[in-house]
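Beneath this line is the structure, given in structure tokens, with notes to follow.
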């Protein structure tokens with residue numbers, strides 16, 4: 001069984017015309033999983049509904065507690081890309097399980113999104129990788145503590 005924790009981020013953003021801005025909405029993960037032909041073997045839990053730039057150390061502690069408190073040994077976490085590396089590092093002491101964080105550079109609700117690809121890639125990664133904490137984005141896997149987001153290039157890279 002794979003536990004999936006949602007925390008918000010761009011993957012779950014919704015555009016509101018009235019305010020001309022994006023806000024975090026309900027997670028689309030329950031729709032994205034069957035669309036990716038993933039039909040069973042998982043449970044989804046919402047931990048937060050925040051833009052990762054608004055996440056605090058207390059929020060990261062909540063994510064840590066949710067992951068540490070579950071019995072699963074394979075865990076996926078949806079997360080905003082801006083501070084995904086910080087949360088991965090916060091989780092890095094959980095060495096007895098495989099934890100993969102992923103998100104999207106464009107909201108899942110948009111036609112041109114990387115959300116479905118990143119979900120499928122992360123789903124495979126969490127089943128194949130040894131215990132540890134990883135970020136799976138755009139076809140690459142990075143270990144916690146050795147990755148950063150390059151905002152200008154709109155990609156993750158090893159450090």
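Remarks
- Segment 126-139, residues that are out of contact with any helix residue (DSSP H, G or I) (no Cβ under 9 Å at 6 or more places or on another chain) and either free of Cβ contacts under 8 Å to residues at least 24 places away in the same chain or surrounded by fewer than 20 Cβ atoms within 10 Å (Cβ to Cβ) (or both): 127, 128, 129, 130, 131, 132
- Residue check for residue 85: closer than 20 Å to residue 31 by Cβ and crowded, with 19+ Cβ neighbours inside 10 Å: no
- Residue pairs whose Cβ atoms lie under 7 Å apart, separated by 6 or more positions or on different chains, with the first residue in segment 148-159 and on the phi > 0 side of the Ramachandran plot and touching a residue at least 24 places away in the same chain (Cβ under 8 Å) and the second surrounded by 12 or more Cβ atoms within 10 Å (Cβ to Cβ) and in a strand (DSSP E or B), do not occur.
- The condition (being modelled with pLDDT of 95 or more, more than 20 Å from residue 131 (Cβ to Cβ) and under 15 Å from the mean Cα position of the chain (by Cα)) is satisfied by just one residue among 67, 44, 100: 44.
- Residues being surrounded by fewer than 21 Cβ atoms within 10 Å (Cβ to Cβ) and over 13 Å from residue 36 (Cβ atoms) - total across segment 101-113: 7
- Output for segment 130-159, where each listed residue is more than 17 Å from residue 94 (Cα to Cα), touching a strand residue (DSSP E or B) at 6+ places or on another chain (Cβ under 8 Å) and not in a strand (DSSP E or B): 138, 159
- Strands (runs of 3 or more DSSP E) completely within segment 9-109 that count 2 or more residues being within 20 Å of residue 147 (Cβ to Cβ) and either in contact (Cβ under 8 Å) with a residue 24 or more places away in the chain or in contact with a helix residue (DSSP H, G or I) (Cβ under 7 Å, 6 or more places away or on another chain) (or both): 74-78, 98-102
- For segment 111-129, the criterion of being in a loop (DSSP other than H, G, I, E, B) and modelled with pLDDT of 95 or more is satisfied by at least one residue.
- When segment 30-62 is filtered for residues that are within 11 Å of residue 8 (Cβ to Cβ) and touching a strand residue (DSSP E or B) at 6+ places or on another chain (Cβ under 9 Å), the ones remaining, listed by number, are 46, 47, 48, 49, 50, 51, 52, 54, 55, 59.
The values are calculated or read from the model by the stated rules, or taken from the named source; none is laboratory data. Quantities reported herein were computed from a predicted structural model and do not represent experimental measurements. Don't worry about glycine lacking a Cβ; one is built from the backbone with ideal geometry, like all the others, and counts go over all protein chains shown.
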